[in-house]
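Each remark here refers to the structure printed beneath this line.
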Amino acid sequence: MSERPAIEFIDLKAQRQRIGTAMDEAILKVVHDGNYILGQQVQQFETELAAFCGAKHAIGVANGTDALILVLEALGAGPGDAVICPSFTFAATAEVVAWMGATPVFAEIDEATYNIDPKGLAAALETAKKHELTPRALISVDLFGQACDYEPIEAFCKQNGLVLISDSAQGYGARYKGRVAGAIGDFATTSFFPAKPLGCYGDGGAILTDNNEHAALLMSLRFHGKGSYKYDNVRVGVNSRLDTIQAAVLIEKLKVYADEIDKRQVVAQRYTAALKDLVVTPHVMPDCVSTWAQYTIRVSADRRDAFQAALKAKGVPSTVYYPKPLHQQTAYKHFPVAGNGLPISERVAQEVVALPMHPYLDAATQDYIIEAVREALAAPTAAVA
């Protein structure tokens with residue numbers, strides 16, 4: 001019997017088999033043209049990225065973290081300002097707030113979706129005021145590929161004069177009640193880190209907005225604060241530009257992105273159908289479509305390590321996103337926490353496990369993963385939460 005090929009958690013090689021020739025040609029064109037910084041492919045990609053989700057403007061930048069920083073810079077956020085954000089997320093969401101000298105105020109998540117809970121926003125706002133901070137913005141995170149519940153979030157932001165920044169690094173292209181993540185919020189940001197649903201061959205990111213003035217300001221800020229030309233610096237900016245080669249890569253990847261999102265639905269549906277009787281499987285809100293950046297299940301905290309070890313023994317990789325909420329991490333534990341704490345964020349961080357997920361996960365490999373998960377879940381050492 002032949003040995004089973006190694007299972008990839010995210011298989012970028014399979015995608016390359018599909019679009020590799022076109023990708024090679026696109027990259028070589030940039031090399032031969034010699035326009036490595038803000039070449040025509042950058043503008044082309046920005047146009048196509050905005051059109052995909054229905055936003056008016058897209059501004060390519062060096063990475064997803066810079067995308068968030070530049071938005072806060074454009075808003076003039078700084079000391080004395082509060083930015084509400086979830087704690088159950090990657091560090092960049094709060095990192096950028098602290099970097100600007102503002103204060104992240106951590107809010108609770110919804111246990112079903114893992115996204116920021118609209119019902120907890122009032123407590124976060126009150127916490128900011130108790131700390132004598134000026135509430136300026138709210139950063140929502142489309143965690144694991146599902147858009148947040150934006151209607152009540154938008155209403156809350158409008159009522160309280162907050163700028164809504166949608167961190168859609170994992171969820172760009174997700175559907176929310178007829179709308180597309182990337183075109184939701186005053187600003188949306190995304191990351192093209194290779195493991196993201198829409199990833200490049202290095203670092204990259206983008207900001208999306210419908211506001212003409214904000215778009216012009218952001219294009220200046222990403223290029224050292226330039227005015228009419230690069231040696232006319234009208235403001236203090238940074239160097240954060242999407243490389244032309246990465247834009248060329250993303251143009252080719254965007255061509256197949258909608259189809260890849262569809263393929264991710266098939267994998268997720270098969271996982272859920274096979275595992276929902278044994279484990280807490282992901283919940284997608286009605287009239288919504290996730291990009292399935294991750295497929296995350298939950299097992300009891302005291303059994304998670306054994307569960308992952310059992311999968312590893314079967315050759316099935318798994319990952320924990322995220323093992324510790326930000327408000328419990330050394331760099332962020334001194335920042336304000338909404339209400340009486342974040343028990344949901346703390347609990348799910350001890351239980352979540354992500355399974356292999358990508359558009360090219362064939363049925364036979366899915367079946368093998370499902371069987372390995374079911375066996376591990378059925379073992380006495382892997383009791384379900």
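The values are calculated or read from the model by the stated rules, or taken from the named source; none is laboratory data. Please read these numbers as outputs of a predicted model, since none were measured by experiment. Cβ: placed from backbone, ideal geometry, glycine included. Neighbour counts: every protein chain shown. Keep in mind that these areas ignore ligands, DNA and RNA; they rest on the heavy atoms of the full protein, side chains included. Shrake-Rupley method; radii C 1.70, N 1.55, O 1.52, S 1.80 Å.
Some observations on this one:
- Among helices (runs of 4 or more DSSP H) entirely within segment 283-385, having at least 2 residues that are over 24 Å from residue 110 (Cα atoms) and touching a residue at least 24 places away in the same chain (Cβ under 8 Å) singles out 304-313, 363-378.
- Test: residue 280 is in contact (Cβ under 8 Å) with a residue 60 or more places away in the chain and out of contact with any Asp or Glu (no Cβ under 7 Å at 6 or more places or on another chain): yes
- Tally, over segment 11-44, of residues that are open to solvent by 40 Å² or more (accessible area, probe 1.4 Å) and under 30 Å from residue 296 (Cβ atoms): 5
- Of all residues making up segment 161-201, the number that are farther than 23 Å from residue 296 by Cα, open to solvent by less than 10 Å² (accessible area, probe 1.4 Å) and in contact with a Cys (Cβ under 6 Å, 6 or more places away or on another chain): 1
- Any pair with Cβ under 7 angstrom, 6 or more apart, that starts in segment 169-197 at a residue that is touching a residue at least 24 places away in the same chain (Cβ under 8 Å) and ends at one that is of a type in the set (Asp, Glu) and in a strand (DSSP E or B): 189/167
- Of the residues making up segment 289-324, those that are under 16 Å from the mean Cα position of the chain (by Cα), of a type outside the set (Ser, Thr, Tyr) and either more than 13 Å from residue 355 (Cα to Cα) or crowded, with 22+ Cβ neighbours inside 10 Å (or both) number 4.
- Criterion violated by residue 6 - all others in (1) among the small types (Gly, Ala, Ser); (2) open to solvent by 30 Å² or more (accessible area, probe 1.4 Å); (3) part of a helix (DSSP H, G or I) satisfied: (3)
- Beta carbons closer than 8 Å, at least 6 apart along the sequence or on distinct chains, pair a first residue in segment 94-120 that is open to solvent by 20 Å² or more (accessible area, probe 1.4 Å) with a second that is of a type in the set (Gly, Ala, Ser) and at pLDDT below 95 for 108/339.
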